[in-house]
1. Among the residues of segment B:209-224, which ones are within 23 Å of B:Gly80 (Cβ to Cβ) and open to solvent by 40 Å² or more (accessible area, probe 1.4 Å)?
2. Give segment C:128-148 a look and list any residue that's facing chain A (nearest Cβ under 7 Å) and closer than 15 Å to A:Leu249 by Cβ, or say none.
3. Criterion first (more than 16 Å from ligand 2 (Cβ to nearest atom), in a loop (DSSP other than H, G, I, E, B) and aliphatic (A, V, I, L, M)) does B:Ala76 satisfy it?
4. How many of the residues in segment B:150-174 are under 21 Å from B:Ile66 (Cβ atoms) and either away from ligand 1 (no atom under 16 Å from the Cβ) or more than 13 Å from every other protein chain (Cβ to nearest Cβ) (or both)?
5. Is there a residue in segment C:168-191 that is open to solvent by 60 Å² or more (accessible area, probe 1.4 Å) and of a type outside the set (Val, Ile, Thr)?
6. Determine if segment C:212-228 includes at least one residue that is modelled with pLDDT of 85 or more and under 13 Å from the mean Cα position of the chain (by Cα).
7. Residue by residue through segment C:94-127, note down the ones that are more than 9 Å from chain A (Cβ to nearest Cβ) and either within 23 Å of A:Trp207 (Cα to Cα) or crowded, with 19+ Cβ neighbours inside 10 Å (or both).
8. Can you tell me which residue among C:Leu38, C:Leu84, C:Leu31, C:Leu55 is open to solvent by 40 Å² or more (accessible area, probe 1.4 Å), within 14 Å of chain A (Cβ to nearest Cβ) and over 15 Å from C:Ala265 (Cβ atoms)?
Amino acid sequence: MKDPTVRAVLAKIGRYTFLSVLLGFFALPMLWLASTPFNAHPTLDVSISSFTLHNFSVLLKDPYALPSLWNSLLLAGGTALLTVGFAAAAAYALSRVRIPGRNGILYALLLLSSIVTGTAAMVPLFELAFKLHLIDSRVGVILVFTGGLLPAAIFILKDFTDNMPRSYEESARVFGASPFQIMRHIVLPMIRPGLATVTVWAVVNVWSNFLIPYILIRNPDKYPASVVLYTFYTEGGQPDLALISAFSLLYSIPVVLLYLFVSHRYGFRFHGGIKR
Amino acid sequence: MTQIRTADLTKTFADAGGGVTALDALTLTIEDGEFFALLGPSGCGKTTLLRTLAGLETPSSGAVYIGEADMTRTPAGKRGVAMVFQDYALFPHMTVTENIAYPLRVRGVPKAQQREAVLAAAADLGLTGTDTTVGLLDRRPEALSGGQQQRVALARATAAKPSVFLFDEPLSNLDARLRLEARTFLKRLQRELAVTTVFVTHDQAEALALADRIAVMQSGRIRQLGTPREVYRRPANTFVASFIGSTPMNLLEGVVRDGRVLVADSEIAPPDGTGERLAERAAVVLGARPEYFRVSPDPLDGAFRGTVEVAENLGSSLLLTLDVSGTAVQVVVAEEDEPEPRATVWALPRADRTLLYADGELVG
Amino acid sequence: MARTASPRGTDTEDPAGLGRARAAAISAPALLIIAAFLVFPALWTLYLGTTDYRLTGFAARHPRGVGLQNYTNVIQDPDFHHSLWLTVEYVLFSAVLGQALLGFVIAWMLRDTRGWLKRLIEALVLLAWILPSSVVAFLWVAMLDRGSGTLNALLNTPGTAWAIEHPMAVIVVFNIWRGTAFSMLLYSAALTGVPPSQLATARMFGANSWQQLRDVVFPHIRGHILTNLLLISLWTFNDFTPYQITAGGPDGKSEILPVYIYQTALFDGQMGLGAAISLLMLLINLVVALVYLRLLRERRGGRKPERVAP
Ligand SMILES: Nc1ncnc2c1ncn2[C@@H]1O[C@H](COP(=O)(O)OP(=O)(O)OP(=O)(O)O)[C@@H](O)[C@H]1O
Ligand SMILES: [Mg+2]
């Protein structure tokens, strides 16, 4: 048998080797995003041969680049608001009042939501938006996103409300709180980690979705960043790496900030949520 | 004037195998200002009764009156009751102050008045700081000890200025020592506020110590209702007899012969004044608390003769388990009277404390 | 007096006194939006699956019902079989083996670590998960580039076109990179629920790491493992992002089902056929979900039987 201290040292070496490889694996693809936007002669490799901020100043002058970030923000914010608000109410109702077959219905909706986000449902979605005069409307995009995200949001939040002890609500009720007061004062604050999780999840989903705004929005002034990213081509028809990389960085910053905020505020973990 | 009355109160929970009757035609009156304990083993329906009084459960049949009014259909929150749950249900996202103020906030009481009421309730319960202790008002429940949480829960209930307190085992989450302190505290608080109080517990000592009257429940029914003294001295049936008392009562099967009771080969005098009423050869159960024995190393007339099997130290006294012709009889002796192991002793039950049960009910 | 037996737990299930009417009212907005923008288009898609609807041309304006024609076509199509098989490989290697395993290993190794290393690793793993998919796709295209990609520079394999020579391996590794965060988060939450006293007891009896995992940790987090596998399997099954890296090529060598649908429905314009494949995918998802739910129920049934309401 080996000397235990030797084994401990070996285990430690193994551990740190593994963690370094892990670090490399996850960091490697991101290096390009960190270097290329500042490169005067951008290529697909990772290097800063000549540092510049020129790429960003080009973007600032682009008529669609910055507004598209604002558009993305509107879509993501609107969707997150609707999704979290409606999902929280529905999840609470489903978790507290007995409705026959409620779990089956939820699972069915969850499965259906995978169809609607798929490409095959594009035509029905387009026609539906057309009939409702929601083409080229942000509200239309938000509603379509909300419809697709709600089942999973309800599912996640219901897990939070299901795990909330009943005695809090009962206690408030005995003190005379109305059902809506109970929801406002007790339930919503107590499932806040869940609300944060769902908000982040909804924002991130909308932020990166290309297909839905692409088919529902006509006016380039209303394009979100995900669509604008595909419009940067040089005159020769080649992808314009300078603009793409710089815009990718700008486009990524909000989600990084969101991550930093949430991880600072809530520690970015699942708080007893999604369990079972 | 807040009397609580239930009439034929029944609560059935539907279940896989038919139904569970948690309350079975319960009729009960709790007087104004009374400290009333509901005592019984797990699952007997204590919590269900309390929740039905609070309006959290709707009875399957029967009625609840609080004060003069029929409140059977009154929603929870409109009954003027305050309830303290077993887990206290302190809202984890609110500070102690916000927790205590919550009943007032719900009623839309102005902020300044809320603060006053909180300070008053908190002072009553020792939650504000003194020279030597720090105040707890700005902490969140997770930063409080069990005993402190319990007091915050009480403060919140008193801040509601209810006409009835409902307590569901509020002491069961405390350790033994704290429990004693909290018990005294609770009793004093109830005396000062003079609010009708219903207190659920499965700890008979707690019920005896706190209550003005006790209802002992079993399977949704009340098996005995009385003051702690009555319930302790004269349990109405063998169920109550075995449930009440920190050392269980000896319940010994026997038969009546010649006006005396033949138990474990010994002839014991029946309780005073029952001798002539007993039918010859009737099967009875003799009840005698271990505390009410005279134990002697010398023969006594009409006593059990047994050998000491086990001696358990209770502190100031000893609990002996005697083998009396194959039947176990437990007696308590003072610490200085400890017999030798396997010694033969005579144990004479006190005639004025001996009870007799026939068919499970008290006959004398 | 009539005795009404309330159904088991009615009152405790409604601790806030919400009642059916109010519950219906507050869930109505969510349900209406779901009905209008999810169920309706989904059903429409299913209906299209029984027609010869095309994006352009005559059949775009006058789709004809073709019954189950689309389904028989799809089921007999060797391309579909190929694509289905690729999808199974993709899910198995990238989700079930890759993400779940790597996520667990990270969560386990970092479970009692504090400090910057843990924060850095977690931040990078999470970043890979939350960055927009188009950005991420660009990053990978750049890294894998034949001429100047970082990977070739690093491995000293100039001129290797990874996305063309090993397309499946590329999208599998990509998806592991992209999605491990979810499993990591879920498992680290689950691991906090394993009582330390039980681990300490196992260690005291001389159990090595593997035995501790097998005897203490896994029994505790079995439910989490199943939930995790269910969700990541479904997500990976329906994942379209690989298209942005390999475009399903070359020669359909990485044409997993979502890409196959895209090619059929939008590229070839055969919407009806695409919708039919969507339904088949939905059915496969359903089977996967049912299998997991079954396993989950067995776990719960094993420990404490659920009381059934009449
Ligand atoms: N919501 C419910 N659904 C079905 N059965 C219930 C429900 N609540 C209580 N019961 C049943 O009713 C009976 C009485 O329960 P209750 O909670 O009142 O007992 P308890 O006396 O408070 O017990 P404990 O001392 O354990 O708290 C039990 O058999 C219990 O299983
Ligand atoms: Mg109880």
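1. Taking segment B:209-224 and keeping what is within 23 Å of B:Gly80 (Cβ to Cβ), we get B:210-213, B:215.
Of everything in segment B:209-224, those that are within 23 Å of B:Gly80 (Cβ to Cβ) and open to solvent by 40 Å² or more (accessible area, probe 1.4 Å) turn out to be B:Asp212, B:Arg213.
2. Of everything in segment C:128-148, those that are facing chain A (nearest Cβ under 7 Å) and closer than 15 Å to A:Leu249 by Cβ turn out to be C:Ile130, C:Leu131, C:Pro132, C:Ser134, C:Val135, C:Phe138, C:Leu139, C:Ala142.
3. On the way: more than 16 Å from ligand 2 (Cβ to nearest atom): yes; in a loop (DSSP other than H, G, I, E, B): yes; aliphatic (A, V, I, L, M): yes.
Criteria met by B:Ala76.
4. Of the residues in segment B:150-174, the ones under 21 Å from B:Ile66 (Cβ atoms) are B:154, B:156-168, B:170.
Narrowing further to those that are either away from ligand 1 (no atom under 16 Å from the Cβ) or more than 13 Å from every other protein chain (Cβ to nearest Cβ) (or both): B:154, B:156-165.
The qualifying residues number 11.
5. So far as segment C:168-191 goes, no, none of its residues is open to solvent by 60 Å² or more (accessible area, probe 1.4 Å) and of a type outside the set (Val, Ile, Thr).
6. Checking segment C:212-228: at least one residue is modelled with pLDDT of 85 or more and under 13 Å from the mean Cα position of the chain (by Cα).
7. C:Ser94, C:Ala95, C:Gly98, C:Gln99, C:Ala100, C:Gly103, C:Phe104, C:Ala107
8. Working: C:Leu38 fails: open to solvent by 40 Å² or more (accessible area, probe 1.4 Å); C:Leu84 fails: within 14 Å of chain A (Cβ to nearest Cβ); C:Leu55 fails: over 15 Å from C:Ala265 (Cβ atoms).
Only one candidate qualifies: C:Leu31.
The values are calculated or read from the model by the stated rules, or taken from the named source; none is laboratory data. This is a predicted model, so every value here is computed, not measured. All Cβ positions, glycine included, derive from the backbone under ideal geometry; neighbour counts span all protein chains shown. Calculation scope for accessible area: heavy atoms of the full protein, side chains included, ligands and nucleic acids excluded. Shrake-Rupley method; radii C 1.70, N 1.55, O 1.52, S 1.80 Å.
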